[in-house]
Every structure is written in C-alpha cells, then in structure tokens.
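A.B. asks: Here you go, one structure.
The numbers here are math on the coordinates, done by the rules we state, and not lab data. Being a predicted model, the structure only gives us computed values, none of them experimental. Glycine also receives a Cβ, built like all others from the backbone with ideal geometry; neighbour counts cover every protein chain displayed.
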Number of protein chains: 2
Amino acid sequence: MLVVAALGGNALLKRGEKLSAANQRANVRTAARALAEIVRAGHRLVVTHGNGPQVGLLALQAASGPAETQYPLDVLGAESEGMIGYLIEQELRNALPEQKLFATLLTQSVVDAADPAFKQPTKPIGPVYDETTARQLAQQRGWSVAPDGMHWRRVVASPKPLAILELAEIALLVKAGAIVTCAGGGGIPVVQAKDGTLSGIEAVVDKDLASALLAAALGADRLLLLTDVDAVYEHHGMPNARAILRTSPRLLARQSYAAGSMGPKVEAAAGFVTASGHSAAIGRLEDALALVEARAGTQIERQTTNPVYRP
Amino acid sequence: MLVVAALGGNALLKRGEKLSAANQRANVRTAARALAEIVRAGHRLVVTHGNGPQVGLLALQAASGPAETQYPLDVLGAESEGMIGYLIEQELRNALPEQKLFATLLTQSVVDAADPAFKQPTKPIGPVYDETTARQLAQQRGWSVAPDGMHWRRVVASPKPLAILELAEIALLVKAGAIVTCAGGGGIPVVQAKDGTLSGIEAVVDKDLASALLAAALGADRLLLLTDVDAVYEHHGMPNARAILRTSPRLLARQSYAAGSMGPKVEAAAGFVTASGHSAAIGRLEDALALVEARAGTQIERQTTNPVYRP
C-alpha cells in the first residue's frame, strides 16, 4: 500500500516542551521509528508534517531585527520545511538503514488569492500567550490573535490548498521506491496568476488538508493523521464521551466531536475518503502501523454504515 | 549536456545590498532567467547555491532569543536551503513555463568529524563588521572572526565534503528530466558514525567544493561556477593583470590568481576537471549559456597545454 502519514505538531514537539533543536530531534526520532514499522511491513511511505510552532518562532526571531529581514510567511514557511524536513529525513535514514532512497522535497501549495480565509485568520502559529500579552502583541505588531484552548496565540490566514505544485515530482520519487518527506507545513502558500506566474503569499496552509489533497492526487491507499490522542471522541470532554473506532464521512457529519485541533483532521480525513474511496485513520503516532492495518485509532471508511464505538 | 551550475553569493545578493526578501527574489529572478537559457538551448540543469549571508542572518536572528532556540549550524543550514531553494525553484518555474518537472531537494553533505577545518574556522558567514565590532562580538558570543576583504566577518568551520547523501535521488530526478535545485549552502553538514548513524555537525560546507563533488558524481558534462566577475584574473589587482580564458588544472597550479573568494572556485573547478575529464567554467551569471558553450569566462579543460589570455 502507499501510505501518506501526516505528523501533527505534537509529533515534533510535545505539549509544554521548549522548542529546542534537541527536543525536536528526540521527538522526530521517535516518530521516525514508528513510521519505519510501516515501511518494514512492506508499504510505501510519504511523510508530511506541520510547522505551526516553528514558523511562529522564525517570525518572532526575525521580528527582533530590522524591518527588511522580517520575511513574509511564505519564505518563513520554506525555512521551516528545510529545518523540519532535514530532521525527519535524517532520522528516517537512521531508522531504516536497509532502505536506499529518501528524498525531502520543498513543496508549494497553490491557494486562491480570493480565499475568504485571507480576511479571517484562524491558523494559530508560534507560542502561547496569556490574553493580555496576546492583545498587546497584536497592537504592537499588527498581528491577529485568538484563543487556542486555555491560551491565546497569533493566528494567520489559512487558505484552502487547491493543488500541490510538486505532485509529479513526488509521484516520480515514490514510484522509484523513495521514502518522500514533503508538503511540510501544508506546503509553502503560493498564488498563480492567469499567465501562470507563481508568487508567494502570506499564509500558513493547514497540513491535514494539504496532506489529504496530496494523498488523493497520489492515489494513496491510506491517509494517516497522526497526533497524540488515540482516536476521535464523540462528546469529547463530556461524561458520555466515547472513542469512535469506525465511521464514514457521511456519519461523521452527524457525529459530535471536539472542534479545535480535531476539526481540521476530521474534515481532511473525510475529504480524502470521499475523493478517493480509500480509507483514512486518525490516531496516535505510536500506533502508526496499527492504524494502517485498521487495528487502532478512528478508521474512516466510505462503506461504513453504522458507527462503531470502543466498548 | 548535463550542466551543474553553482550560484555564488552574489547571484542571490549584490555586494552592499540589504538582505531583504525582495532583493533576494529580484536577484534570483535574474539568475533564473540566465539559467533558463541553458535549458532552452537543450541542456539538462542542476542548480546549487551558497548560503553565507543567509545562514549568518538566521544565526543572528536566533541569537536574539533564548538559548534553547539558538539552533546549531546544521539546522540553520537546512533552514537556508528551504528559504533559498524555494525562491530559486519558484523563479525557475516562472522563467521556464514550458518545462514540466522541477524539484528542490534538501541535501546533506557527509564530512569527516576529524577534518582539520574544525580546529581552524575559515568560512565567512553573516554580515560584515568593522574590526572593533567583530572582535567584541567574538568575545560576547564565542565566535571566531577574521578579515574578509576590507571588512571583518564571523568565520565557521568549513570541512571538506566527502559525499552527497542524496546523490541517487538527485540522479533519478535528473534522469526523469527534472530541473533540480540541491546542495544548497554546500549541503547540510553531517557526520556518519561507523554503524552508519547520521548526525548533524556545526559547520558550513563550501558550496563550490560540494558542487564539484556532486557534478563529478552525477557524471555532469560541465560545471559552472557563477559569480559577478567575468573571469579568473592572473595577477589580479596588479598592473599586469589579465583575464585567463583557457587553462588546465595543471597550469592553474602555477598561475597566480587572487585568493579570497576566487580560491575555492579555482580549487573546485580544477578538482572537477581532474576527477571527471570534463571541463569547468568560472564567470558571470549573465554569461551562463556562453560559459556552457565555452564562449565566455575562464574555461578549465584537462587537455589545454598552454594558457590563453584575453588579448
């Protein structure tokens, strides 16, 4: 099978951890070992990843200097693809010494300059703040800020990805047997003029939506959205909460799951299943191979007619 | 022909220009248009690039924050590959709309942890300073600093690249007809333990040496080292200075050319010619196609027995 596995922010940095290179490397190493099991089981693998904390850090670091080196979010997104992609490829190589080909491809995601998301920023990036600090920073720096769980964070526009510019190159590498890391941070957001000219635009694409788009376009057999919770929960946080083991895009539309970070994952997974007919899974990174084999997490399949819950 | 073209620092940023995203994009656009002529003339193309100013900037930006986000030079090098590679690929796509496949590959260069360069830093990165400021920064931050022309700069270890880790993947993409950007900043420096385990190391590899190594390993027909001077000059800066039009690695060893930034270029070009038997050229970015066709710059060929100078 061809598996597209999307590493959530928590695969790179555990909640509350400092954004050090050592912490990220240690987490990436754990992730690479979990992903290696998929390859050892005989599957082909494409790895994607988020970049929210990293792109926010790069923006903060740049903000300490003169205005001319405060690069736009597309350039910072490219920097984050370099940083994170490097760590992932290196640890995948270490985890799979028997494997020959590994490639990390800079990836651009085409978005629509008229996407309504540009008027309503929703994607949290960078560190968490208390409300007062967040509002001060918003005023000082012209940021948009919004609550994210119990904290506040900077939010930026997150337009819908329409196409993965490097799709053919990724497909070529996959066909040749390479383990490909790509579409980091959802891809570097670019717009394409009527004459075809590409240019970057200030945004951060949702990595789950970009991963679903990529997986469908690649003809992947399976999309994994990997995080630090074991499944999607119906009535999350309530006394009647229960883990959804098996569902369908149609059923999900009527189920009540936690919004927040789970919302985009469910939307992306359902989109992939609807577009491709293949199934998607949401669950823990450590369960990566079990998710591929439908033995863990929340499995989203087109043909499921009745939802299955954990007993 | 397969051409490997190495973009010097001046192809990304003209001398004295500020390191803004707009300046870099404008310069990359000019570079992409010059390189596009090589592709339109029917050749295959691999693009490499330097990262001295950029990796220095990233280090300075990180230094403004807490210690835990001051990432090592391998991670910063990876960031710079992302930033610069993105701009190059985007502008190559804009310059060559008729071309189908473009790929920018994160690239790691294997170096020897026992390379004497780790004890004697020589590679200038970041901005230029006056001597007093440079010496102050050296003391404050534990940097090594050294004169670079009329100014002073931070210098870091620049070990010799021994292998390009992603060689097979680059070759695969080239064979499929892709225009590949890779080995940015000479490649991210990594060391390989006896058991094969890879890890990053604090250094910046010379991009000309890495490009020569890559070109020879790829079986390239031509290596171009592109800069903002039209040729290598014998007796540079002296009344009897003259442009070398045609020479050989053997002859170069006896010719007196300016050291500084030209030294690594001449060494790299001669190394490629000796290793491959194919010829290399050093000259101006604007002359890229003329350099491929041996109509400009300094041509370094194995079979030249007498140097040819500009009349």
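A.B. asks: Just grab the label-to-label distance for B:Ala193 and B:Gln255, each label 7 Å out from Cα along the Cβ direction, in nm (one decimal).
C.D. replies: That separation, rounded to one decimal, is 4.6 nm.
A.B. asks: Separate question: How far, in nm to one decimal, is A:Gly219 from itself in the other copies if the label point is set 7 angstrom along Cα toward Cβ? Shortest first, please.
C.D. replies: Reported distances to equivalent positions: 2.9 nm.
A.B. asks: Which one, B:Thr227, B:Thr181, B:Thr122, has the greatest fluctuation when you compute a Gaussian network model over chain B with C-alpha springs under 10 angstrom?
C.D. replies: The residue that fluctuates most here is B:Thr122.
A.B. asks: When you have a sec, figure out the Kirkwood radius of region B:105-228 from all distinct Cα pair distances and drop it here in Å to one decimal?
C.D. replies: 15.9 Å
A.B. asks: Continuing with the same structure: Express as a percent, rounded to the nearest 5, the fraction of DSSP beta bridges in the protein assembly as shown (both residues included) that run antiparallel.
C.D. replies: That works out to approximately 45 percent antiparallel.
A.B. asks: Now a separate question. Explain nothing, just compute: Karplus ³J(HN,Hα) = 6.51 cos²θ - 1.76 cosθ + 1.60, θ = phi - 60°, for every residue of region A:277-288 in order, whole Hz, x for Gly and Pro.
C.D. replies: Taking θ as phi minus 60°, the curve returns x, 8, 9, 10, 9, 10, x, 7, 3, 4, 8, 3 Hz for region A:277-288.
A.B. asks: Sticking with this structure for a sec: Between A:Asp221 and A:His151, with labels modelled 7 Å along Cα→Cβ, what's the label distance in nm to one decimal, could you check?
C.D. replies: In this crude label model, A:Asp221 to A:His151 measures out at 4.0 nm.
A.B. asks: Let me ask another. Out of the DSSP beta bridges found with both residues in chain A, what percent are antiparallel (nearest 5)?
C.D. replies: 45 percent
A.B. asks: Moving to a separate point now. Using 7 Å Cα-to-Cβ label points, what is the B:Ala41/A:Thr122 separation (nm, one decimal)?
C.D. replies: For B:Ala41 paired with A:Thr122, the spin-label model returns 5.1 nm.
A.B. asks: Which whole number gives the average count of other chain Cβ atoms within 10 Å of the Cβ atoms across peptide A:68-75?
C.D. replies: 5
A.B. asks: Now a separate question. What residue of chain A sits with its beta carbon nearest the rotation axis taking A to B, and at what distance in whole Å?
C.D. replies: A:Gly82, 1
A.B. asks: Also, I was wondering about something else. Could you give, in nm with one decimal, how far B:Ala163 is from each other copy of that position, shortest first, with labels 7 Å out from Cα toward Cβ?
C.D. replies: Result for B:Ala163, in nm, nearest copy first: 3.9.
A.B. asks: Relative to the Cα centre, what is the charge dipole magnitude of the protein assembly as shown, using +1 at the beta carbon of each Lys and Arg, -1 at the beta carbon of each Asp and Glu, and rounding to the nearest 20 debye?
C.D. replies: In total the dipole reaches around 240 debye.
A.B. asks: Would you please state which residues of region B:227-267 a label at B:Arg310 would reach in this model, taking the label point 7 Å out along Cα→Cβ and a backbone N cut-off of under 11 Å?
C.D. replies: B:229-234, B:242-245
A.B. asks: Net charge near B:Val75: determine it from the other residues with C-beta under 12 Å of the C-beta of B:Val75, scoring Lys and Arg +1 and Asp and Glu -1.
C.D. replies: With Lys, Arg at +1 and Asp, Glu at -1, the neighbours total -4.
A.B. asks: Counting partner chain Cβ atoms within 10 Å of every residue's Cβ in B:89-101, what's the average?
C.D. replies: Mean partner-chain Cβ count within 10 Å for B:89-101: 4.
A.B. asks: Please report the Cα spread of the protein assembly as shown along all three principal axes, rounded to whole Å, starting with the longest.
C.D. replies: That gives 89, 53, 49 Å along the principal axes, largest extent first.
A.B. asks: Residue by residue through B:52-65, how many Cβ atoms from other chains fall within 10 Å of the Cβ on average?
C.D. replies: Rounded to a whole number, the mean comes out at 3.
A.B. asks: Related question: For chain B, build the convex hull from the C-alpha positions and give me its volume per residue in Å³.
C.D. replies: Considering the Cα atoms of chain B, their hull volume per residue is 135 Å³.
A.B. asks: Taking the Cβ-Cβ separation of B:Lys14 and A:His236 as r and a Förster radius of 56 Å, what is the calculated FRET efficiency to the nearest 0.05?
C.D. replies: 0.50
A.B. asks: Still on this structure, I have one more. For A:Asn240, place a label point 7 Å from Cα along the Cα-to-Cβ direction in every copy; what are the distances to the other copies, in nm, shortest first?
C.D. replies: When each copy's label point is compared with this one, the spacings are 9.7 nm.
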